[in-house]
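The next block holds one structure in the form of structure tokens; read it before the comments.
The values are calculated or read from the model by the stated rules, or taken from the named source; none is laboratory data. Just so it is clear, the structure is predicted and the values come from calculations on it, not from any experiment. Cβ sites come from the backbone with ideal geometry, for glycine too, and all protein chains shown count toward neighbours. Side chains are part of the model used for accessible areas, which takes the heavy atoms of the whole protein and leaves out ligands, DNA and RNA. Shrake-Rupley method; radii C 1.70, N 1.55, O 1.52, S 1.80 Å.
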4 protein chains.
Amino acid sequence: MKQRAAIIGASGYSGEELVRILLNHPHVGLAAVTSRQNAGQALSQVFPRFASHPTARTLRFSDPDAAALAGKADVVFLALPHGLAAEYAVPLMAAGCIVIDLSADFRLHSTATYREFYGQDHPAPQLLSQAVYGLPEVHREQIRKSRLIAAPGCYPTSILLPVIPLLRAGLVRSTGIIADSLSGVSGAGRKAEADYLFCECNESVRPYGVPKHRHLSEIEEQLALAAGVPVTIQFTPHLIPVNRGILTTLYLAPTDSFSSPEEAAALGVRITACYAAAYGTEPFVRLLEGRALPDTKNVVGTNILELAWRLDSRTGRLIVMSAEDNLIKGASGQAVQSMNLLCGFPETAGL
Amino acid sequence: MKQRAAIIGASGYSGEELVRILLNHPHVGLAAVTSRQNAGQALSQVFPRFASHPTARTLRFSDPDAAALAGKADVVFLALPHGLAAEYAVPLMAAGCIVIDLSADFRLHSTATYREFYGQDHPAPQLLSQAVYGLPEVHREQIRKSRLIAAPGCYPTSILLPVIPLLRAGLVRSTGIIADSLSGVSGAGRKAEADYLFCECNESVRPYGVPKHRHLSEIEEQLALAAGVPVTIQFTPHLIPVNRGILTTLYLAPTDSFSSPEEAAALGVRITACYAAAYGTEPFVRLLEGRALPDTKNVVGTNILELAWRLDSRTGRLIVMSAEDNLIKGASGQAVQSMNLLCGFPETAGL
Amino acid sequence: MKQRAAIIGASGYSGEELVRILLNHPHVGLAAVTSRQNAGQALSQVFPRFASHPTARTLRFSDPDAAALAGKADVVFLALPHGLAAEYAVPLMAAGCIVIDLSADFRLHSTATYREFYGQDHPAPQLLSQAVYGLPEVHREQIRKSRLIAAPGCYPTSILLPVIPLLRAGLVRSTGIIADSLSGVSGAGRKAEADYLFCECNESVRPYGVPKHRHLSEIEEQLALAAGVPVTIQFTPHLIPVNRGILTTLYLAPTDSFSSPEEAAALGVRITACYAAAYGTEPFVRLLEGRALPDTKNVVGTNILELAWRLDSRTGRLIVMSAEDNLIKGASGQAVQSMNLLCGFPETAGL
Amino acid sequence: MKQRAAIIGASGYSGEELVRILLNHPHVGLAAVTSRQNAGQALSQVFPRFASHPTARTLRFSDPDAAALAGKADVVFLALPHGLAAEYAVPLMAAGCIVIDLSADFRLHSTATYREFYGQDHPAPQLLSQAVYGLPEVHREQIRKSRLIAAPGCYPTSILLPVIPLLRAGLVRSTGIIADSLSGVSGAGRKAEADYLFCECNESVRPYGVPKHRHLSEIEEQLALAAGVPVTIQFTPHLIPVNRGILTTLYLAPTDSFSSPEEAAALGVRITACYAAAYGTEPFVRLLEGRALPDTKNVVGTNILELAWRLDSRTGRLIVMSAEDNLIKGASGQAVQSMNLLCGFPETAGL
């Protein structure tokens, strides 16, 4: 029998992508979708591209009501702004639902860090100890046992997957890490703000949120877990005119210096082995070979993060580059991947 | 009386932009344009957007012939591949023409570096001592006296203008500099290669040329001049789906550390003063104020580079960001700016 | 001495384009710009791309106040929604200002048609007899004598310039005309609506306003003037993912049928002669020759409409295609062209 | 047991899309892919986005050799230029393979029309009587019995599906039909030609092939079959800057005039009934309701054509608009739909 899923806040881009995945998931039935602004309308009216799916023609958006949803769904996805997500998580958890939260509310262990980066007290600190950061390639076993998943942010996924294995293996230093990221416009959400109008984004490239983006908090907390010491990184996001996709370029300092071609080759062998051990059998991480470099167009529409690296013997640095679909591996796809794990489905089901 | 100008290799994107500028220049008349593939056709046929200009309807592309051009033009712009440009520069200089070269042939002082980065011996080393690197904000007086200008590359301009004043003032270290650059597709030229087809670039973002792009050679040579010591930098170019524009994000280490807000503020005052001294009266450098950050859409179509910076007290780094039109300030506009200087025209004429 | 110009509603796309043109106009000084939302801010803050112009750094947006503006400006441009524009026109005309209105308020002679298409009574019918439809290639002499100009809509310009000469010459029938138009997103204005977000427009093409777009009213009124009989046309606008540009394809029935190549050739000669007579010396209409077809990229950034036509002997139809920049020839450029005429400046000044 | 499929010419955009579909098809295994230029390389090297599929890592491109392929595959898809496709079809048919041709070679019944539109004699006229035009919604039963399918062109699909039911029902006249189509750039194929470079297509809209595009031949032949009389239509294709998608706007004359709202309503009921009868249960045609109009973004990535219509009582015309993915419903998806029918698989398998 299929699990029953609900999505609270299904009218944004991440919510829409969750709808797409869950409509076609072999082990889950979409039982409820909520949206204040679209309440009463069928999924097919709001999202014409799903109109050929029978459920989309019958399922209507409702107002978000935790009690009502708890009766209809076994798993509830929260695609809501931070702060608001926790308000729903509390009663849903109490009612026995599995909660997969796509907001930032349960990503941090530290309420102090939450306050520093999100400017408010944590709305449900009592749940933090139950929450697992939903990065399956890193926390798979904990995810299986959890009932409250904090799906990682889009930028953090593109940074953590490349860096964590290197830190764990001691191959790079935990200091001086720089992440330069480029994101498509869907990352800003479906907000009717002039900054994200077509004519303001098309033929435009711009940095924003420099130097202290909110995602730094979860990135640094997760990197610290991997490194065993506190980590502070440099992170610069840029907005580029594509619908989807994040490309991140990372600048890292190998623990061992390499000046000769032989040293570089030896270090390269260790990096190759490190990534192969970490991701060689992962279904959703693609280690590029040969001269290939990541390109968002090769991952958009998939739950895959692709990754390549180069050693620069001129500067002594390791450059790692990753590409992902910000709405799938960076949000909804990864959330479903976690759901698959904790529900006991095949990890790739529906993805 | 107007100076007579010729463009050798006028059918590429930089050449087309030169045509646009020179057709409307108050002190220059466009006397000849060459292109092997378009020889015989009028400018207006090849570039319909210029068809309303009378010269564009009468001036026809010719085959490139240095002797013939030397008789027709006082100033000759070379918009040719490296290696080939020098072949034309030699006879044109001998014939008394002013030569403004947009290729890499005369940008480096070191023939060894040329060989390392361009894979061939320098084709005209005897001219190197006469060539001036055409970055007017840095080498204005030398440009005025020169007759052979090496117009800088597009990426180098976006990196050198932000970094040179800081190095000269000793405000940042000459080591550990990282430049992460995003370029529009016109930077690849008008080459009929599958990699630059619309469907291969649209909805795509990708790094390339990692880790050793050719432009590193001129960037490092110019930075070394400013720093007084050899400089090695990290440089990663990315291709993004816009026609024009380069956005560069630079990661720099201030010489003096700053940990308290007071120290950061004091350092900020010095950086502000440094840039104001360097560029406060420059017509083509725009120092952004307040919360503004560079955006390529605010400079495309102009000869302006815009620049903003932020101190990150979490990491101790200085982040500097610049935006320019790769075909104008990054190529043809800057070439005309140099021509204006050495011909004694107002520096902003036609720009 | 320069004329003093003001722009009411200068923060939209047409207003911004007017600012650009007037900042660089040789015979006009920009004396005032208004915008409720930006009141108090300098032009350079709202539009960073103008920040290098001295006026942009000193001129601040004010609240729109007709009385105050009448004292500051000789010519006032209204870049306002319909209905609102007339409210400003009345006091400004009374105060002796020249008014150039970019809204629809004074484009129609018939108040009944205004009511039918705009859903409200005309706000200032007493001014209609003074207003001239600002299509210089068609109504040049009337424009010279007017003090109230109704600048044409973007779609109408792309349709009227191709069709009017043919109707006047009796070469095509006034019945059965079809206009299929494709517009860039700036045509929708700088409105923060979800429909015009980057992700909703990028990788999307869609018709809208089918079958009765408001612009039909002025198109049909102007075509009727040219034909001498009432004209009803079919018009379908489409939204395409470019910032600027309108491409219109027109399907027309020649008055004389043509079945043999000889008849087609003879008709072609007459069409060529008709367009040459109408536009051969016009600075802002480009008649394409040979195999060239219109392409918005060849007119964007200019005040030029380009035009080509083909006779289809299979169907007996004449196909005419035009391209223009919707914000320049389709709005602000054409408005300035009219201002030039009525102020006695060279028609091309500043354009 | 799975059918074995081969794709000849798998390196273009249609071929790549076929690869995507067939790699995931439940009843077909991809046994061979050919490409002269990529021979020897694995699918995953040429198309990194498929690299996570095991077959893509092992299957290598081979040179196209009909005899060798006949031994490896039960069904062979030809994604080749016209003329060349027939050369492969002949031996493959002789060897007993099912052939699904995506070129124009078997779309026309008339060899004279082929010669007129393709400029050469038909290369395999003896096979024409066996070929079925692969438009499943129109020729389903014939497709089931055929072993040689001519998959329709992209533009024809977007025109034929909307028009055929109306012609069959006698609701519109067979004369005076106009089709105005907008296509994404992938329609031009993966050809390294300057016209299709990013910078030539981005921020550009342009008509082309006016007035006699090759696709007219198959459109008119199929419309004539539906109407029972010869049909000549007007067709104008335009190139727009999206990767994928065709939007077609059709102008049709209803057989019965309608001048009153009652007559329009009555005619509307008949059109609704006509389309419901034709497509109400079709899995790949979506009849839009209410105020919805087609938008390519709602069909891209799917095998669905969506369709809406409006009666214009001002002009007496019926406007029908359709949207499809040119590479799926307009090419590879529809080809697989036909394969599903003739192989006895569920029609929607893999789509």
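Would you tally the residues in the range B:310-351 being assigned to a loop (DSSP other than H, G, I, E, B) and either under 13 Å from the mean Cα position of the chain (by Cα) or polar (S, T, N, Q) (or both)? Total satisfying the criteria: 6.
Can you tell me how many residues in the range B:199-211 are in a loop (DSSP other than H, G, I, E, B) and within 14 Å of B:SER181 (Cβ to Cβ)? Full working, then the answer.
Step one: filter the range B:199-211 for residues in a loop (DSSP other than H, G, I, E, B), giving B:202-205, B:208-211.
In the following step, the residues that additionally are within 14 Å of B:SER181 (Cβ to Cβ) were identified as B:205, B:208-211.
Of the residues in that region, 5 qualify.
With respect to the conditions (1) surrounded by 15 or more Cβ atoms within 10 Å (Cβ to Cβ); (2) touching a Lys or Arg at 6+ places or on another chain (Cβ under 9 Å), B:LEU135 falls short on a single one, namely (2). B:ILE328 fulfils the conditions (1) touching a Leu at 6+ places or on another chain (Cβ under 9 Å); (2) closer than 19 Å to C:PHE47 by Cβ; (3) open to solvent by 10 Å² or more (accessible area, probe 1.4 Å) except for a single criterion, (3).
Considering only residues of the range D:245-270 that are touching a Gly at 6+ places or on another chain (Cβ under 7 Å) and within 22 Å of D:ILE328 (Cα to Cα), which is farthest from the other protein chains (Cβ to nearest Cβ)? It comes out as D:ILE246. Of the listed requirements (1) open to solvent by 10 Å² or more (accessible area, probe 1.4 Å); (2) over 23 Å from A:MET339 (Cα atoms); (3) touching an Asp or Glu at 6+ places or on another chain (Cβ under 6 Å), A:ARG214 misses just one: (3). The one condition from (1) open to solvent by 10 Å² or more (accessible area, probe 1.4 Å); (2) of a type outside the set (Lys, Arg); (3) under 25 Å from A:TYR196 (Cα atoms); (4) more than 14 Å from every other protein chain (Cβ to nearest Cβ) that A:VAL46 does not meet is (4). Of everything in the range B:157-191 that's touching a residue at least 60 places away in the same chain (Cβ under 8 Å) and of a type in the set (S, T, N, Q), which residue is most open to solvent (accessible area, probe 1.4 Å)? Among them, the one singled out is B:THR175.
Selection within the range C:272-316: residues that are of a type in the set (Val, Ile, Thr) and within 14 Å of chain D (Cβ to nearest Cβ). The member of this set that is most open to solvent (accessible area, probe 1.4 Å) is C:VAL300. Cβ-Cβ distances below 7 Å connect the following pairs, each with a first residue in the range B:298-317 that is hydroxyl-bearing (Ser, Thr, Tyr), a second residue that is assigned to a loop (DSSP other than H, G, I, E, B) and open to solvent by less than 40 Å² (accessible area, probe 1.4 Å), and a separation of six or more residues or different chains: B:THR302/B:ASP325; B:SER313/B:PHE258.
Across the range C:50-66, the qualifying residues are those that are without any contact (Cβ under 8 Å) to a residue 24 or more places away in the chain and in contact with a helix residue (DSSP H, G or I) (Cβ under 7 Å, 6 or more places away or on another chain), and the one among them that is surrounded by the most Cβ atoms within 10 Å (Cβ to Cβ) is C:ALA51.
Yes/no matrix, rows are residues, columns are (1) in contact (Cβ under 8 Å) with a residue 12 or more places away in the chain; (2) not aliphatic (A, V, I, L, M):
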| site | (1), (2) |
| --- | --- |
| A:PRO207 | yes, yes |
| A:HIS213 | yes, yes |
| A:GLN234 | yes, yes |
| A:LEU250 | yes, no |
| A:LEU267 | yes, no |
| A:THR272 | no, yes |
| A:TYR279 | yes, yes |
| A:PRO283 | yes, yes |
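In this entry, D:VAL138 is excluded by the filter for residues that are in a helix (DSSP H, G or I) and over 21 Å from D:GLU347 (Cα atoms).
Would it be correct to say that D:LEU69 is assigned to a helix (DSSP H, G or I), touching a residue at least 60 places away in the same chain (Cβ under 8 Å) and not aromatic (Phe, Trp, Tyr)?
On the way: assigned to a helix (DSSP H, G or I): yes; touching a residue at least 60 places away in the same chain (Cβ under 8 Å): yes; not aromatic (Phe, Trp, Tyr): yes.
In short, yes.
In summary, C:VAL269 fulfils each of the numbered conditions (1) surrounded by fewer than 21 Cβ atoms within 10 Å (Cβ to Cβ); (2) in a strand (DSSP E or B) with the single exception of condition (2). Of the residues examined, B:LEU307 is one that is at pLDDT 95 or above and either assigned to a strand (DSSP E or B) or among the aromatic types (Phe, Trp, Tyr) (or both).
Go through the range C:193-208 and count every residue that is open to solvent by 50 Å² or more (accessible area, probe 1.4 Å) and facing another protein chain (nearest Cβ under 7 Å). Give the steps one after another, and end with the answer.
As a first pass, look at the range C:193-208 and keep what is open to solvent by 50 Å² or more (accessible area, probe 1.4 Å): C:193, C:195, C:208.
Checking the rest, the ones that are also facing another protein chain (nearest Cβ under 7 Å) come to C:193, C:208.
The total comes to 2.
For the condition in contact with a strand residue (DSSP E or B) (Cβ under 8 Å, 6 or more places away or on another chain) and either closer than 30 Å to D:ASN202 by Cα or of a type outside the set (Asp, Glu) (or both), B:GLY187 qualifies. Can you tell me which residue in the range A:232-244 is farthest from the other protein chains (Cβ to nearest Cβ), limited to those that are under 18 Å from A:THR296 (Cα atoms) and of a type in the set (A, V, I, L, M, F, W, C)? Applying the filter and picking the extreme gives A:LEU239.
Within the range C:141-185, work out how many residues are assigned to a helix (DSSP H, G or I) and under 30 Å from C:PRO91 (Cα atoms).
Looking only at the range C:141-185, we keep the residues that are assigned to a helix (DSSP H, G or I), and these are C:141-145, C:154-168, C:185.
Within this subset, residues satisfying the condition of being under 30 Å from C:PRO91 (Cα atoms) are C:141-145, C:154-157.
Adding up the residues that qualify gives 9.
Tell me, please, whether a residue that is open to solvent by 20 Å² or more (accessible area, probe 1.4 Å) and more than 20 Å from C:LEU342 (Cα to Cα) can be found in the range C:26-37. The answer is yes, given that some residue of the range C:26-37 is open to solvent by 20 Å² or more (accessible area, probe 1.4 Å) and more than 20 Å from C:LEU342 (Cα to Cα).
Tally up the residues in the range C:285-297 that are without any contact (Cβ under 8 Å) to a residue 60 or more places away in the chain and outside any strand (DSSP E or B), please.
9
I'd like to check something: does the range A:116-131 contain any residue that is in a strand (DSSP E or B) and touching a residue at least 60 places away in the same chain (Cβ under 8 Å)?
Within the range A:116-131, none of the residues are in a strand (DSSP E or B) and touching a residue at least 60 places away in the same chain (Cβ under 8 Å).
Just give me the residues in the range A:212-231 being more than 12 Å from chain B (Cβ to nearest Cβ), in a loop (DSSP other than H, G, I, E, B) and modelled with pLDDT under 95, in sequence order. Passing the criteria: only A:ARG214.
Could you please find all residues in the range C:233-266 being part of a loop (DSSP other than H, G, I, E, B) and either outside the structural domain of C:VAL300 (by TED's automatic domain parsing) or small (Gly, Ala, Ser) (or both)? Write out each step before concluding.
Taking the range C:233-266 first, the residues part of a loop (DSSP other than H, G, I, E, B) are C:233, C:240-245, C:253, C:255-260.
Listed by number, the residues that qualify are C:GLY245, C:ALA253, C:SER257, C:SER259, C:SER260.
Looking for something closer than 20 Å to A:ALA67 by Cβ, open to solvent by 30 Å² or more (accessible area, probe 1.4 Å) and assigned to a loop (DSSP other than H, G, I, E, B) - is there at least one such residue anywhere in the range A:10-22? No. Among the residues of this structure, D:GLY184 counts as one that is within 22 Å of D:HIS82 (Cβ to Cβ), touching a Lys or Arg at 6+ places or on another chain (Cβ under 6 Å) and of a type outside the set (A, V, I, L, M, F, W, C).
Answer with yes or no whether B:SER338 is among the polar types (S, T, N, Q) and crowded, with 21+ Cβ neighbours inside 10 Å.
Details: among the polar types (S, T, N, Q): yes; crowded, with 21+ Cβ neighbours inside 10 Å: yes.
When the stated conditions are applied, B:SER338 passes them.
Output the residue which, of all residues in the range A:91-115 that are in a helix (DSSP H, G or I) and in contact with a helix residue (DSSP H, G or I) (Cβ under 7 Å, 6 or more places away or on another chain), is surrounded by the most Cβ atoms within 10 Å (Cβ to Cβ).
A:LEU92
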